[in-house]
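What follows is a single structure, written as structure tokens, with notes after it.
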Amino acid sequence: MKIYYPTVPFYHLDISMDIFPPSIPEGFDTVICVNVLEHVEKDEQALINMRELLKPSGRLLLFVPRLEGLYGSVDKEVGHFRRYNKGNLRKKIERVELEIEKLRYYNLLGISGWFINGKIFHRRSFPVLQTILFDRIVPMLSRTEKYWAPQWGMSLFVVARKREN
């Protein structure tokens, strides 16, 4: 099903390019990047490019996989170059001159499944029944994590703001 929005402009841009096309003239209030940055070899260049798309005080919403020690067969199969931790992600975001407003963990439950499948059994995908079970639990877990921020998790969520000129 194709959804048509005649008054909303859509842009297809490759955020990983070394030489980025000119910014969108008016810039964006928000750029959302969910489970993408880990697939980009030059992630800092991608962060710079996303920053350039933002208006002054615009925000980047970023969701990335965490726990470098979990990097394994599943990550390789899906094309991940890396996983992040709070420290290295914070440094990269600050190096590209974005200010972090929020940085928190998500998906505490996912750690066990990723570890068992990717590090112990070296699987390249998840068993179907495991995926179905996880998909049923995630909505409940997401509602819980919305009100109770876990102190540990498989993913990181960041809100970063572009500085005013």
Problem - Pairwise label distance in nanometres, LEU13 with VAL159, each label 7 Å out on the Cα-Cβ vector - result: 2.2 nm
Practice task
Would you mind computing, in nm to one decimal, how far apart the modelled labels at ILE116 and ILE24 are, each placed 7 Å from Cα along Cα→Cβ?
Solution key: 4.2 nm
Fill in the blank from the handout: Mean-square fluctuation maximum in Gaussian network of the chain, Cα pairs under 10 Å, restricted to PRO56, PRO25, PRO65, hits PRO25
Completion exercise
Once LYS76 and LEU133 are pulled to full extension, the length gained, defined as 0.36 nm per residue separation minus their Cα-Cα distance, is 18.2 nm
Exercise for the section: Please state, as a whole number in µm²/s, the translational diffusion coefficient that the Stokes-Einstein equation yields for the chain at 37 °C and 0.692 mPa s, with Rh defined as the Kirkwood radius across alpha carbon pairs. Expected result: 189 µm²/s
Practice task
Within segment 92-116, find all residues whose amide N lies under 20 Å from a label point positioned 7 Å from the Cα of TYR147 along Cα-to-beta-carbon.
Solution key: 105-109
Completion exercise
Asserting the computed 222 nm helical MRE of the chain (DSSP H runs at least 4 long, -39500 (n - 2.57) per run, divided by residue count, to nearest 500) equals -9500 deg cm²/dmol
Practice task
Identify the trypsin sites (Lys or Arg not before Pro) of segment 1-99 meeting these criteria: DSSP loop state and at most 12 other C-beta atoms within 10 Å of the C-beta.
Solution key: LYS2
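Counting only protein heavy atoms and using a 1.4 Å probe, what share of the accessible area of the chain belongs to carbon plus sulfur, as a whole percent? Don't jump to the answer; show the numbers that get you there.
Details: 6160 of 10420 Å².
Carbon plus sulfur share of accessible area: 59 percent.
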Fill in the blank from the handout: Taking GluC sites (Glu not before Pro) in a DSSP loop with at most 12 other Cβ atoms within 10 angstrom as exposed, one finds the longest site-free stretch of the chain at 98-163
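The values are calculated or read from the model by the stated rules, or taken from the named source; none is laboratory data. Note that the structure is a prediction, hence the values are computed from the model and not measured. Positions of Cβ are backbone-derived with ideal geometry, glycine not excepted, and every protein chain shown enters the neighbour counts. Accessible surface areas use protein heavy atoms only, side chains included; no ligands, DNA or RNA. Shrake-Rupley method; radii C 1.70, N 1.55, O 1.52, S 1.80 Å.
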